[in-house]
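Report on the following structure.
The values are calculated or read from the model by the stated rules, or taken from the named source; none is laboratory data. This is a predicted model, so every value here is computed, not measured. Here the Cβ positions follow ideal geometry from the backbone for every residue, glycine too, while neighbour counts run over all protein chains shown.
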Amino acid sequence: MRFEISKVLDAIEGRVSTDPALARAVVDLAEVIRWQNLDGGRPANLLRLGMVIDALARQIGEDSVPVYAIVHRALLSDADLTSNERMVVRRWADDGLVEVLDQPGDRMLEVADLLGLPVLTRARLDGLVGRYPWVGQAGRVLAPVPGAGGPVFIAHVGGGQNPVGGNRSPVGMKLLSRQWHCPESGCALFGGGGGGGAFADLAGADRGPSEQPPPTLRTGAPTCPRHGARLSDAGPRPRTEVLAVRIGGLVRKRFLLTETEPVSVGRAPDVPGGVTLGQWLNDEARRWISRSHIRLELRVGEVVVTDTSTNGSGVRPGGSMAEPERVKLAPQQSRVLAEGDLIELYPGVHVGRAAELSSDATYTPNSVMAEAPTMAMRLPRP
Ligand SMILES: [Zn+2]
C-alpha cells in the first residue's frame with residue numbers, strides 16, 4: 001500500500017512546476033494539505049494536492065495540468081505529514097519544482113499577478129480587489145470544496161467555476177524577458193543563470209533559464225524568493241514557444257520548445273526531453289506512430305517540424321481538417337509551422353502551438369491519482 005502511495009506521489013510530482021510557461025494555477029501547499037474535508041482523512045495529507053490537480057484538469061478539460069506551488073519552509077518539517085511525504089516535499093524543494101519560502105506573505109498573489117494565473121485558495125481575498133483588480137474577475141480566485149466525484153471549485157469573489165488565466169502583468173512580462181542569477185550557490189530556482197544549458201546540466205536538473213520562475217519584488221528589486229538575495233541580470237531570456245499535443249479531442253500535454261533544445265515527439269522517443277504519447281494511443285495509432293515521429297526546433301522564432309518517422313505525417317494548414325488541404329510531410333522532410341498550423345502524426349493526434357489548440361472538452365482527463373486506492377486517503381499514519 002505504501003508503495004502505491006509512492007507511485008501516486010510520483011505522479012503528482014509530474015504536476016508541480018514553477019515554469020511560468022506551463023503552470024496553470026497557483027496554490028499554497030501548506031493550505032492545500034490541510035483541506036481535511038476534501039476526503040475526511042488525517043489533518044495534513046499531501047495526496048490532497050493530487051485531488052486538487054485532478055479537479056483543475058477536469059475543469060480545464062486537459063490532461064497533465066501543472067500547478068505552481070508555494071511552500072512555507074515549516075512544511076518541510078511538518079509533523080502532521082508522514083516522513084515519506086516530508087521527504088517528497090524536500091525533494092521537490094531541492095529540485096526547484098516548488099518554491100520554498102521563509103515568509104510566504106502574499107507571494108501566491110504576486111505570482112498570480114505576474115503570471116496571470118488563477119489562485120486556488122479558500123482564503124477570502126475580497127479585500128484585495130483594490131490592489132489586484134483581477135481578484136474580482138470571474139474564475140481568477142477559486143476555492144476547492146468537496147463534490148460528488150472529487151473536489152469542485154466555487155468562487156468567493158468574481159463568480160465563475162472554471163479556473164481562468166489572464167494576461168501576465170506588464171511587470172511580469174518585463175521580469176520574464178530576462179534571466180536571473182542568485183548569488184546563493186546551488187539555488188534551485190535561479191542557479192545557472194547566464195550559463196545556458198551547460199550549467200543547467202551541471203546542476204543535475206534539466207531546468208534551463210527559460211523555465212525560471214518570476215523573481216519576487218517584495219524588496220523593490222528582483223529578489224530570489226527562496227534566499228532573499230538580490231538577483232543579478234544574466235541577460236535576455238531565450239525565446240520559447242509553448243506547444244501542445246491533442247489526442248482524441250483532448251489536450252494531453254503542453255511542452256516548452258527552446259532555441260537550444262529540439263524536442264522529439266512520438267510513441268516513446270528515446271532521447272532526453274522527448275514527449276511520449278504511447279499512453280494515450282489506441283493500438284492502431286501505436287502501430288502507425290514511430291518511437292520518435294517528429295522533431296521540433298525553434299529557429300529564430302520559427303517552429304520547424306521535421307518528420308523522423310517511418311510512415312510520414314501531415315500538416316493541417318490553419319488547423320483545417322478538410323482532407324484536400326492536408327499537406328503531406330514525408331519522412332525526413334521539414335516545414336516551418338505557420339500560424340494556426342497543426343501537425344498530424346495520425347488522424348486525431350495533433351501537435352501545435354498551445355494557444356491555438358483547445359480541448360473539445362467532451363473527454364475526461366486521466367487522473368493523476370489513478371494509482372491511488374480510495375482507501376489510501378484514509379490510511380492512518382504509519
Ligand atoms: Zn536563490
* Report, by residue number, each residue of segment 134-151 that is β-branched (V, I, T), under 20 Å from L29 (Cβ atoms) and touching a helix residue (DSSP H, G or I) at 6+ places or on another chain (Cβ under 7 Å). => V141
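The rows are residues; the columns are (1) surrounded by fewer than 20 Cβ atoms within 10 Å (Cβ to Cβ); (2) assigned to a loop (DSSP other than H, G, I, E, B).
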position: E4; (1), (2): yes, no
position: P20; (1), (2): no, yes
position: R48; (1), (2): no, no
position: M51; (1), (2): no, no
position: A57; (1), (2): no, no
position: V65; (1), (2): no, yes
position: A79; (1), (2): yes, yes
position: V100; (1), (2): no, no
* Report those strands (runs of 3 or more DSSP E) wholly inside segment 252-364 carrying at least 1 residues which are more than 26 Å from the chain's Cα centre (by Cα). => 302-307, 313-316, 327-329, 334-336
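Go through segment 239-267 and report how many residues are aliphatic (A, V, I, L, M) and surrounded by fewer than 17 Cβ atoms within 10 Å (Cβ to Cβ).
At the first step, the residues of segment 239-267 found to be aliphatic (A, V, I, L, M) are 242-245, 247, 250-251, 256-257, 263, 265.
Going one step further and asking which of them are surrounded by fewer than 17 Cβ atoms within 10 Å (Cβ to Cβ), we end up with 242.
Result for segment 239-267: 1.
Conditions (1) part of a loop (DSSP other than H, G, I, E, B); (2) closer than 17 Å to P213 by Cβ; (3) small (G, A, S), marked per residue:
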| residue | (1), (2), (3) |
| --- | --- |
| N84 | no, no, no |
| V88 | no, no, no |
| L97 | yes, yes, no |
| P104 | yes, yes, no |
| E110 | no, yes, no |
| D113 | no, yes, no |
| L117 | yes, yes, no |
* **Top-ranked residue in segment 175-190 [being in contact (Cβ under 8 Å) with a residue 24 or more places away in the chain and of a type in the set (S, T, N, Q); ranked as nearest to the ligand (Cβ to nearest atom)]** => Q179
* To do: Examine segment 229-243 for a residue that is within 16 Å of the ligand (Cβ to nearest atom), of a type in the set (S, T, Y) and modelled with pLDDT of 90 or more, and state whether such a residue exists.
  => yes
* Filter result for the condition that a residue is buried (at least 17 other Cβ atoms within 10 Å of the Cβ) and over 20 Å from the mean Cα position of the chain (by Cα), over D39, D28 -> D39
